[in-house]
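Data block below; observations after.
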Amino acid sequence: MPREIITLQIGQCGNQIGMEFWKQLCKEHGISADGILEEFATHGDDRKDVFFYQADDEHYIPRAVLIDLEPRVINMIQNSPYSALYNPENYFHAKDGAGNCWAAGYYGGERLQEELLEMIEREADGSESLEGFVMLHSIAGGTGSGLGSFLLEVLNDRFPKKLIQTYSVFPNQLESGASDTVVQPYNSLLTLKRLTMFSDCVVVLDNTALDRIAVDRLKLVNPNMSQINTLVSTVMSASTTTLRYPGYMNNDLVGLLASLIPTPRCHFLMTGYTPLTIERQVSAVRKTTVLDVMRRLLQTKNIMVSASTKKGCYMSILNIIQGEVDATQIHKSLQRIRERKLARFIPWGPASIQVALSKKSPYVETAHKVSGLMLANHTNIYALFDRVLKQYDKLKKRNAFLENYKKEKDFEIEEFDYSKEVVEQLVDEYKAAEKADYGSWGNDDGKDEEMYK
Amino acid sequence: MPRELITVQVGQCGNQIGLRFWDLVLREHARHNKDSVFDESMSSFFRNVEIKRGNPINIPVGDGRNSLQNLKARAVIVDMEEGVINQMLKSELGELFDQKHFIKDVSGAGNNWAHGFNYYGPKYEETLMENFRKTVEDCDSLQGFFMMHSLGGGTGSGVGSYILGLLKEAYPEVYRFTTSIFPSNDDDVITSPYNSILSLNELRKQADCVLPVDNQALLNIIQTIQAPLAGKGAGITEGKTKEEKPFDKMNNIIAHLLANITCSMRFEGPLNVDLNEITMNLVPYPDQHFLLASMAPLYSLLDLKLQARGVDQMFKDILTDQHQLLCVSPLRHRYTALGLIIRGDVAFTDVAKNIKKIKSDIDMIYWNKEGFKYGLCNLPSLGQPYSALCLSNNTGVRSVFSSLQGRFDKLYRRKAHLHHYTEYIEVSLFEEASTSTSDLIAQYLELENVKEPSFIPRLLPLI
């Protein structure tokens with residue numbers, strides 16, 4: 001029963017993550033670097049057709065569209081060992097780049113929308129029953145943020161019934177961190193508005209946390225960018241395992257998301273993964289029972305977002321456990337977690353952790369019996385948006401770095417104010433979700449009248 | 001497909017820098033491009049030309065596998081006297097330049113900005129525009145113009161300023177970067193303050209980004225490199241006396257600067273930085289586009305093969321006074337933004353760690369505490385496993401402008417040498433230039449002194 005997903009990779013970050021993601025998927029399904037199914041994999045019962053389709057000559061092609069406004073990264077992919085894998089008609093690159101400017105990316109996308117939509121619609125027509133789109137991008141740069149925002153708006157318009165999930169890389173924002181772009185507050189704010197209004201689910205990948213994990217946890221001497229991206233790809237492939245190895249539930253994306261997202265605007269998910277290794281290094285001996293995995297997933301140091309989970313509460317949690325798992329242990333583990341109050345839940349809804357068991361790929365060797373991914377909707381994610389707002393305020397008050405945005409003829413400076421409004425409301429909503437009266441939030445009765453009584 | 005850069009070399013200084021620059025770029029690409037194919041990275045600076053029967057035809061990049069036939073540099077060469085150009089043509093790199101893109105005259109501008117700006121400029125305007133049109137046509141997707149010139153002389157400063165104005169009008173969307181050599185205190189040209197202040201006015205209006213360089217700073221760098229080696233006699237035969245300035249070595253440093261800025265455009269890396277990203281991230285207000293440059297390690301600049309020092313040391317060095325290309329102490333002034341371009345095999349966690357350290361060491365303006373931009377490029381520069389280039393918007397540049405203005409005032413008060421200039425321009429231009437410089441200095445001073453406003457809590461309404 002097909003429910004295909006089309007992946008859109010945008011900008012340098014998006015394409016680099018995407019490259020690792022497809023490498024990972026190919027390994028898991030036993031597809032070689034040029035799309036041919038390996039000998040040992042011909043009898044699998046995994047569902048490849050969610051992410052791949054088959055060409056006339058039986059080789060598998062990813063349902064992916066690779067977009068960038070400058071040629072370098074796409075050229076790198078075309079010269080890599082996996083170049084024969086992708087559909088050559090699905091590459092799109094322009095010449096000039098967006099220069100870290102959201103406006104250049106957005107209006108660049110608008111100028112090119114004919115060709116982009118042609119590619120996307122061709123892929124959509126090639127699927128029997130398209131479920132939705134997955135967009136990979138960063139929000140701090142120019143292309144990923146600007147062109148990504150434009151595509152979100154356009155896809156919402158053209159395909160109103162299809163899901164849009166994004167894997168958005170948030171920049172390193174901490175005071176003690178190393179930011180890599182000066183104008184990231186501007187770009188992030190403008191993109192956050194579109195992520196809030198036009199996407200159905202955003203999986204937040206925070207560079208701050210990824211840096212921290214790389215330095216502290218991975219025990220690698222000098223991790224380079226592609227190893228960090230492998231970490232991201234592990235998370236992405238783990239979150240799609242239930243779609244690709246069908247079980248008795250959670251076989252499509254909408255099922256996964258429905259239980260995680262209670263209200264339409266609170267759709268920013270954080271992820272955690274354990275055990276964290278790269279390149280299948282054998283780590284120190286550790287217990288990998290279900291309880292341990294689930295417990296570790298709730299620890300802050302395994303969570304790939306830099307907002308603290310100690311404040312605020314969980315709205316919903318989904319754990320995807322892979323490996324040799326005794327299903328009876330799950331019930332016990334859940335009970336234990338509830339007893340020890342390891343996770344604090346919202347007062348207005350059901351307070352439980354959902355667990356989905358999934359099979360592992362038979363072609364990939366892992367050193368661990370059990371591994372787990374957590375997708376959680378936690379109210380404290382607003383801390384990330386708060387940081388963006390603060391940094392944005394500082395720069396905007398001084399009107400610094402605005403020249404290049406003004407250079408784009410169609411860009412209005414008020415766009416910044418509209419975006420700020422949307423993000424502030426989002427922060428308020430998350431804060432209100434922690435309280436028991438969230439159900440009446442947003443209605444006109446209630447709070448205001450209390451104050452003036 | 002790639003983004004091309006056109007270099008514009010004006011005047012004696014500009015052309016000498018240019019020569020060193022092309023030499024370096026050729027060696028860099030030769031080391032990277034082992035199969036001698038004309039790939040896309042070469043296309044940023046060169047054209048591949050087939051010369052058959054006298055009519056040169058451009059060979060496009062195509063799939064990046066055409067072999068090299070004849071390389072021609074994408075350069076426009078301007079000089080008002082023939083000496084330097086002839087030397088260039090006679091040198092080993094002579095073949096690289098296309099005779100048709102030379103604009104030259106015989107007598108020179110006589111160290112007179114006005115002569116360059118108001119006489120030679122308009123005289124050659126048509127030829128210049130024609131030349132630019134042709135070079136721009138050869139480009140697929142032009143990203144920027146790089147001007148190399150000095151501010152102390154006549155041609156580089158005067159004609160250079162005029163050309164910037166022409167380019168801004170004809171190609172407003174193309175970035176105009178300049179490397180401007182500011183005269184040192186003991187410069188050999190007496191009227192250099194006049195020439196510099198007049199050019200500064202134009203640079204402020206017409207250029208998108210200026211990388212000022214000081215001859216004195218370059219000399220200091222060379223002495224820093226050579227001092228520990230002089231005693232050991234490590235293979236440098238010093239045939240020059242102390243009085244003779246080692247211009248070749250100094251120009252090499254600037255060549256490295258330009259090569260490093262564009263390395264991310266030409267070679268791949270995990271985090272790319274384009275020229276337009278540099279202006280986007282490092283120029284908060286349009287007038288303040290003067291970026292302080294520094295590089296580490298210094299040894300790479302003279303192509304000496306020495307023991308590489310640690311990565312952390314490199315980041316520490318890049319903030320010190322000796323590594324700056326201007327005589328400025330950046331740590332004593334305030335930063336508005338800082339950009340790093342790192343080449344070679346450096347793990348980005350090292351970069352992150354060091355940026356955190358730098359953050360705590362420097363005085364960054366309060367509203368842009370996280371104002372860092374960095375880029376990583378895989379290909380290291382010649383001879384070193386890794387190197388870093390730091391471009392920062394630092395209020396310290398105002399001290400260079402101030403001292404220049406001081407020297408200008410000394411001469412102007414006495415109206416010394418003024419009659420040479422008034423032959424071609426009005427005196428009011430001097431006034432305008434002087435006020436413009438004072439204005440610029442005041443802007444930087446204001447940024448340096450601004451303090452974070454203390455937080456005044458809003459009064460709560462009494463219910």
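The values are calculated or read from the model by the stated rules, or taken from the named source; none is laboratory data. Given the structure is predicted, the values throughout are model-derived calculations rather than measurements. Don't worry about glycine lacking a Cβ; one is built from the backbone with ideal geometry, like all the others, and counts go over all protein chains shown.
Please enumerate the residues belonging to the stretch B:75-94 that are of a type in the set (D, E) and assigned to a helix (DSSP H, G or I).
Scanning the stretch B:75-94 gives a single hit, B:E92.
For residues in the stretch B:283-296 being over 16 Å from the mean Cα position of the chain (by Cα) and facing another protein chain (nearest Cβ under 9 Å), which is surrounded by the fewest Cβ atoms within 10 Å (Cβ to Cβ)?
Kept after step one, since they are over 16 Å from the mean Cα position of the chain (by Cα), are these residues of the stretch B:283-296: B:284-287, B:296.
After this cut, where a residue has to be facing another protein chain (nearest Cβ under 9 Å) as well, the list is B:284-286.
On the way: B:P284: 25, B:Y285: 16, B:P286: 14.
My answer is B:P286.
Determine which single condition B:I254 fails, assuming it passes every other condition in (1) modelled with pLDDT of 85 or more; (2) within 14 Å of chain A (Cβ to nearest Cβ); (3) closer than 24 Å to B:L5 by Cβ.
Exception for B:I254: condition (2).
Out of the residues in the stretch B:95-152 that are part of a loop (DSSP other than H, G, I, E, B) and within 14 Å of chain A (Cβ to nearest Cβ), which is surrounded by the most Cβ atoms within 10 Å (Cβ to Cβ)?
Of everything passing the filter in the stretch B:95-152, B:C139 is surrounded by the most Cβ atoms within 10 Å (Cβ to Cβ).
Any chance the stretch A:156-175 includes a residue that's charged (D, E, K, R), free of Cβ contacts under 8 Å to residues at least 24 places away in the same chain and within 22 Å of A:D386 (Cβ to Cβ)?
yes
Please enumerate the residues belonging to the stretch B:172-181 that are in contact with a Cys (Cβ under 9 Å, 6 or more places away or on another chain) and either aromatic (F, W, Y) or without any contact (Cβ under 8 Å) to a residue 60 or more places away in the chain (or both).
Once the filter is applied, which keeps residues that are in contact with a Cys (Cβ under 9 Å, 6 or more places away or on another chain) and either aromatic (F, W, Y) or without any contact (Cβ under 8 Å) to a residue 60 or more places away in the chain (or both), the stretch B:172-181 yields B:Y175, B:R176, B:F177, B:T178.
Please list, ordered by residue number, the strands (runs of 3 or more DSSP E) wholly in the stretch A:3-110 having 3 or more residues that are closer than 30 Å to B:D140 by Cβ.
So the answer is A:4-10, A:64-68, A:91-93.
So B:Y412 clears everything in (1) surrounded by fewer than 22 Cβ atoms within 10 Å (Cβ to Cβ); (2) within 14 Å of another protein chain (Cβ to nearest Cβ); (3) touching a Ser or Thr at 6+ places or on another chain (Cβ under 8 Å) except one condition, right? Which one?
(2)
Taking the stretch B:257-282 on its own, how many of its residues are part of a helix (DSSP H, G or I) and either facing chain A (nearest Cβ under 8 Å) or modelled with pLDDT under 85 (or both)?
Total satisfying the criteria: 10.
Is it the case that the stretch B:306-323 has a residue that's without any contact (Cβ under 8 Å) to a residue 24 or more places away in the chain, within 14 Å of another protein chain (Cβ to nearest Cβ) and over 21 Å from B:F182 (Cβ atoms)?
Scanning the stretch B:306-323, I find at least one residue that is without any contact (Cβ under 8 Å) to a residue 24 or more places away in the chain, within 14 Å of another protein chain (Cβ to nearest Cβ) and over 21 Å from B:F182 (Cβ atoms), so the answer is yes.
List, please: which pairs have Cβ atoms under 9 Å, are six or more places apart or on different chains, and start with a residue in the stretch A:23-38 that is in contact (Cβ under 8 Å) with a residue 24 or more places away in the chain and β-branched (V, I, T) and end with one that is buried (at least 22 other Cβ atoms within 10 Å of the Cβ) and part of a helix (DSSP H, G or I)?
Filtered contacts from the stretch A:23-38: A:I31/A:L25.
Determine, yes or no, whether A:T42 is among the polar types (S, T, N, Q), farther than 28 Å from A:L152 by Cβ and more than 14 Å from every other protein chain (Cβ to nearest Cβ).
Values: among the polar types (S, T, N, Q): yes; farther than 28 Å from A:L152 by Cβ: yes; more than 14 Å from every other protein chain (Cβ to nearest Cβ): yes.
For A:T42, the condition - among the polar types (S, T, N, Q), farther than 28 Å from A:L152 by Cβ and more than 14 Å from every other protein chain (Cβ to nearest Cβ) - is met.
Based on what the data block shows, is A:F150 of a type in the set (A, V, I, L, M, F, W, C), over 22 Å from A:T240 (Cβ atoms) and free of Cβ contacts under 8 Å to residues at least 60 places away in the same chain? Walk me through how you get there before you give the answer.
Working: of a type in the set (A, V, I, L, M, F, W, C): yes; over 22 Å from A:T240 (Cβ atoms): yes; free of Cβ contacts under 8 Å to residues at least 60 places away in the same chain: yes.
So A:F150 passes the test.
Under 6 Å between Cβ atoms, which residue pairs at least 6 apart in sequence (or on different chains) link something in the stretch B:418-444 that is within 26 Å of B:N394 (Cβ to Cβ) with a partner that is hydroxyl-bearing (S, T, Y)?
Filtered contacts from the stretch B:418-444: B:I441/B:S402; B:Y444/B:T395.
Can you report the number of residues in the stretch A:170-206 which are surrounded by fewer than 24 Cβ atoms within 10 Å (Cβ to Cβ) and within 14 Å of chain B (Cβ to nearest Cβ)?
Residues flagged as surrounded by fewer than 24 Cβ atoms within 10 Å (Cβ to Cβ) and within 14 Å of chain B (Cβ to nearest Cβ) within the stretch A:170-206 amount to 5.
For the stretch A:416-425, check the following and say yes or no: at least one residue is touching a helix residue (DSSP H, G or I) at 6+ places or on another chain (Cβ under 6 Å) and within 11 Å of chain B (Cβ to nearest Cβ).
no
Per-residue answers, yes or no, for (1) charged (D, E, K, R); (2) touching a helix residue (DSSP H, G or I) at 6+ places or on another chain (Cβ under 7 Å); (3) in contact (Cβ under 8 Å) with a residue 60 or more places away in the chain; (4) within 14 Å of chain A (Cβ to nearest Cβ):
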{"position": "B:A347", "(1), (2), (3), (4)": "no, no, no, yes"}
{"position": "B:D350", "(1), (2), (3), (4)": "yes, yes, no, yes"}
{"position": "B:N354", "(1), (2), (3), (4)": "no, yes, no, yes"}
{"position": "B:I365", "(1), (2), (3), (4)": "no, yes, yes, yes"}
{"position": "B:E370", "(1), (2), (3), (4)": "yes, yes, no, yes"}
{"position": "B:G375", "(1), (2), (3), (4)": "no, yes, yes, yes"}
{"position": "B:L382", "(1), (2), (3), (4)": "no, yes, yes, no"}
{"position": "B:V397", "(1), (2), (3), (4)": "no, yes, yes, no"}
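Do we find a residue being out of contact with any Phe, Trp or Tyr (no Cβ under 9 Å at 6 or more places or on another chain) and part of a strand (DSSP E or B) anywhere in the stretch B:307-328?
For the stretch B:307-328, residues out of contact with any Phe, Trp or Tyr (no Cβ under 9 Å at 6 or more places or on another chain) and part of a strand (DSSP E or B): present.
Could you list, in sequence order, the residues of the stretch B:348-407 that are basic (K, R) and within 14 Å of B:I318 (Cα to Cα)?
The answer is B:K357, B:K359.
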